Amino acid sequence: MNNKICMELKNIRRTYGKKETALDILTDVNLSLYAGEIVALVGPSGSGKSTLLHIAGLLDTPTSGTIIVNGKDVSKASDKERTRLRRTAIGFVYQSHLLLPDFNALENVMLPQLIAGVSQKEARKRAEELLSAVGLENRMTHRSGQLSGGEQQRVAIARALANRPSVLLADEPTGNLDPKTADSVFGTLLSLVRQTGLCALIATHNPELAEQMDRQVTVQNGILKELTAQ
């Protein structure tokens, strides 16, 4: 980890509904993510973890507060700019791999690059490198239905890193896997984050996985709290 901040959330508030029916999910969230740092977001279901991830990933808009990505305030970015940032600066890994079933592993990792304007030759090279890095060099031409759950999630990790994002967000990325496979996939994820120097915010219910990260934070009564020192 270094001192470069790749994402900042300042005084984030998210309220659903109006007046008497208003429900405060996040009331005062402040978080800085540093390059090369992996932060565990822990807490019970319904505490606001997914809402926080959606706001950090520009999939949801906070009621108030500031979002800074790579030093730029993107709180009021247009839909077009938010889409561009999600494509280039922010990578996502979900609990379900969400691979496109009609494409093989290589094509699934190439596709976000092609959408971003990368040439087919460069996209293929990058996809091959990433799939090799996650141990799938012999499974690149297999479609998702021909891959195990762990292999599918490894493809999803490779896809999330395809466009060289500076921020990686993951929501229970090993939640659908058995413990042994989860440990293996998570180890791969940690290794790639360390190697690439991006920052990662990973929501998990697994205390053993959380302990492997640099620090842990949780949402309590709408406020983000540190569980371990940085």
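The values are calculated or read from the model by the stated rules, or taken from the named source; none is laboratory data. If you're wondering where the values come from, they're calculated on a predicted model, not measured in any experiment. We place every Cβ from the backbone using ideal geometry, glycine too, and count neighbours over all the protein chains shown. Protein only, heavy atoms only, side chains kept; ligands, DNA and RNA dropped before computing areas. Shrake-Rupley method; radii C 1.70, N 1.55, O 1.52, S 1.80 Å.
Multiply the residue gap between D73 and L100 by 0.36 nm, knock off their C-alpha separation, and tell me the result in nm, one decimal place. Spell out each step's value before the answer.
Values: separation 27, 0.36 × 27 = 9.72 nm, distance 3.27 nm.
Length gained between D73 and L100: 6.4 nm.
Give, in nm to one decimal, the length gained when the segment between Q212 and H142 is fully stretched (0.36 nm per residue of separation minus the Cα-Cα distance). Don't skip to the answer; put the middle values down first.
Values: separation 70, 0.36 × 70 = 25.20 nm, distance 3.13 nm.
Length gained, Q212 through H142: 22.1 nm.
Give the separation of the Cα centroids, the range 68-103 to the range 161-218, in Å.
Value for the Cα centre distance between the two parts: 17 Å.
Looking only at G36, G71, G175, which one moves most when the chain is put into a Gaussian network model with springs between Cα atoms under 10 Å?
In the Gaussian network model the winner is G71.
Could you compute how much accessible surface H54 exposes when probed at 1.4 Å, giving the result in Å² to the nearest 10?
Using a 1.4 Å probe on the heavy atoms, I get roughly 80 Å².
May I ask you to compute the full-extension gain from K10 to D24, defined as 0.36 nm times their residue separation minus their alpha-carbon distance, rounded to one decimal in nm? Provide the component values of the computation, followed by the final result.
Values: separation 14, 0.36 × 14 = 5.04 nm, distance 1.64 nm.
Net length gain for the segment: 3.4 nm.
Longest span of the chain, sites excluded, free of trypsin sites (Lys or Arg not before Pro) in DSSP loop with at most 15 other C-beta atoms within 10 Å? It would help to have the intermediate numbers written out before the result.
Details: sites that count: K4, K18, K76.
The answer is 77-230.
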